[in-house]
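Written out below as structure tokens is the structure these notes cover.
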Amino acid sequence: MSIRTCSCFAFLLFISCSEKTEREKYEDATSGIKYAAYKSASKLTINTSLKAYNYQQPDSNILHPVYAHLLLGYFWSISAKPSFAFAEAEIAEDNETAHIKFLAQTLRSITMYQEGWHTIAKEESVKAKANLEREPGSKVACEAAVYYLILGTAYAKEKDFEQAKFFWAGFATETGIHWPYLICDAAADFQANRVKEGLRKVKSISQDPSVPPVLREALATEIEKIEKNVGASVDSSLFWPKLISTLLWDELKKSTNESMKKLTGLVENVREKLPV
């Protein structure tokens, strides 16, 4: 075998073994028979379930399929099933309403970020913000709660805690779940190097019985680390650990917002019927 042939072979081997780009990984996650089958099943199952539910409801309590798709996508995103989350985002994005497209693209951005694809996650976030509206277009409470949930999570992951507070305040108003706002408020203090004030707030949250016990324990651990390293800078993102998104799902099932509670329950029932 000649030197030139060996060189060409080595080059081709290098190309075939090289790491895929973020975009290629995303394309892999959103292609194939399983992905297409899931999308079809999700559309059919959610439409069928909501049609049966809405038939028995007055107009003021009707649940719209697109919000079920967004909420289910959020669940898949926090459950480390990105392909299904992307599928739900794609279904929702077909809606012509600007703020729905924005939510779908934001859900996609959150999921990309959680997969470690930070470059394309940022690109998707920028694209989504072209459709940004600060207030939900609908007055239906569960739709507003989904809006605030997705936006609050997105800004927290971008470490824009001041902006995140705006959406978590709305979420608290809609659902009666206040602790995500309190955590963002404390994280904003740490980010601005107001360590003493942030520490005081986190201590208060860690002792609040309305906060899930597992989160109180996680916060107490971080408090202990900070107090052992007085004067050191504090990473604000430590106070928005991954477990928060999972806990929020459980909290939604106990929400004071009856529409949100029903939508979460319906989405869970749909999830159990899907081919995953």
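Odds and ends about this structure:
- Residue ID - farthest from residue 147 (Cα to Cα), chosen from residues in the range 245-276 that are at pLDDT 80 or above and among the acidic types (Asp, Glu): 272
- Identity of the residue in the range 252-265, in a helix (DSSP H, G or I) and surrounded by fewer than 19 Cβ atoms within 10 Å (Cβ to Cβ), that ends up farthest from the chain's Cα centre (by Cα): 258
- Members of the range 199-244 found to be at pLDDT 65 or above, in a helix (DSSP H, G or I) and closer than 15 Å to residue 181 by Cβ, listed by number: 201, 202, 204, 205, 215, 219, 244
- Close Cβ contacts (under 7 Å, 6 or more residues apart or on different chains) running from residues in the range 167-186 that are within 20 Å of residue 106 (Cβ to Cβ) to residues that are at pLDDT 90 or above and acidic (Asp, Glu) are absent.
- For the range 93-117, the set of residues classified as surrounded by fewer than 24 Cβ atoms within 10 Å (Cβ to Cβ) and small (Gly, Ala, Ser) consists of 98, 116, listed by residue number.
- Looking across the range 48-82, the residues that are farther than 14 Å from residue 266 by Cβ and surrounded by fewer than 20 Cβ atoms within 10 Å (Cβ to Cβ) come down to 58, 59, 60, 79, 80, 81.
- Filter pass, residue 33 being exposed (fewer than 10 other Cβ atoms within 10 Å of the Cβ), at pLDDT below 90 and not small (Gly, Ala, Ser): no
- Taken together, the residues in the range 117-158 that are outside any helix (DSSP H, G or I) and at pLDDT 85 or above amount to 1.
- Just one of the listed residues (177, 183) is crowded, with 21+ Cβ neighbours inside 10 Å, hydrophobic (A, V, I, L, M, F, W, C), in a loop (DSSP other than H, G, I, E, B) and at pLDDT 85 or above, namely 177.
The values are calculated or read from the model by the stated rules, or taken from the named source; none is laboratory data. None of the values given here were measured: they were computed from a predicted structure. Don't worry about glycine lacking a Cβ; one is built from the backbone with ideal geometry, like all the others, and counts go over all protein chains shown.
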